[in-house]
């Protein structure tokens, strides 16, 4: 579904990614695991066209994304949940969701279409506070709203940037259950995380990134068998 080959990208005159290659197959949940500053967020931003691609190839559903603007990538079925959530604080929960509503199109298929009813089944807390301004929600509630708003665009691939960061353990556990439900429903997921436990519970495969390069690709079991890799490239 998604393929990156030898991707170099960055900001201004500097690069943050140096020859990144990874693949995500339909129905998979794949984790890009690494420390703060390793290049995880830049990878997602490059996929979405928010960071300039210097060289390499990015394809989604067999289509080369080079030259496409962010909204065009979204219409193809890429859904992006940024690290800083980016909800509309002055709008209510309901208005945040309605602003992102997208009908059937290139980025959706069959029963993948999301409705408010389906959103509130997945996130009951949001259903109970539909009229509350987004800026008055807790951090965990804002994270749920950010994910829910992205789902309203009917993505085929959900890009999640550090969804567990800064949240209380009980909220992280609830969020993990909700993302697991999305996986069980067949949604393809690329998750960027530094929380190893959170990622292990959700993902099928892992790429370890450090200083803008992929240092490992394989299963979590294979990664656990390599303690030197974890010491060198992950925050434990």
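The values are calculated or read from the model by the stated rules, or taken from the named source; none is laboratory data. Quick caveat, the model's predicted, so the values are computed rather than measured. Backbone-built Cβ (ideal geometry, glycine too); neighbour counts: all protein chains shown.
Here are a few things to note about the model shown:
- The range 155-176 - residue that is exposed (fewer than 13 other Cβ atoms within 10 Å of the Cβ) and in contact with a helix residue (DSSP H, G or I) (Cβ under 9 Å, 6 or more places away or on another chain) and, of those, modelled with the lowest pLDDT: 166
- Pick from the range 34-48, criterion in contact with a helix residue (DSSP H, G or I) (Cβ under 8 Å, 6 or more places away or on another chain) and within 14 Å of residue 2 (Cα to Cα), ranking: surrounded by the fewest Cβ atoms within 10 Å (Cβ to Cβ): 48
- The lone criterion from (1) over 28 Å from residue 194 (Cβ atoms); (2) at pLDDT 95 or above left unmet by residue 123 is number (1).
- Residue match in the range 204-213 (condition: touching a helix residue (DSSP H, G or I) at 6+ places or on another chain (Cβ under 7 Å), more than 26 Å from residue 6 (Cβ to Cβ) and in contact (Cβ under 8 Å) with a residue 12 or more places away in the chain): no
- Residue in the range 46-64 that is within 25 Å of residue 26 (Cα to Cα) and without any contact (Cβ under 8 Å) to a residue 12 or more places away in the chain present: yes
- Restricting the search to helices (runs of 4 or more DSSP H) fully inside the range 10-127 and requiring at least 2 residues that are within 19 Å of residue 214 (Cβ to Cβ) gives 40-48.
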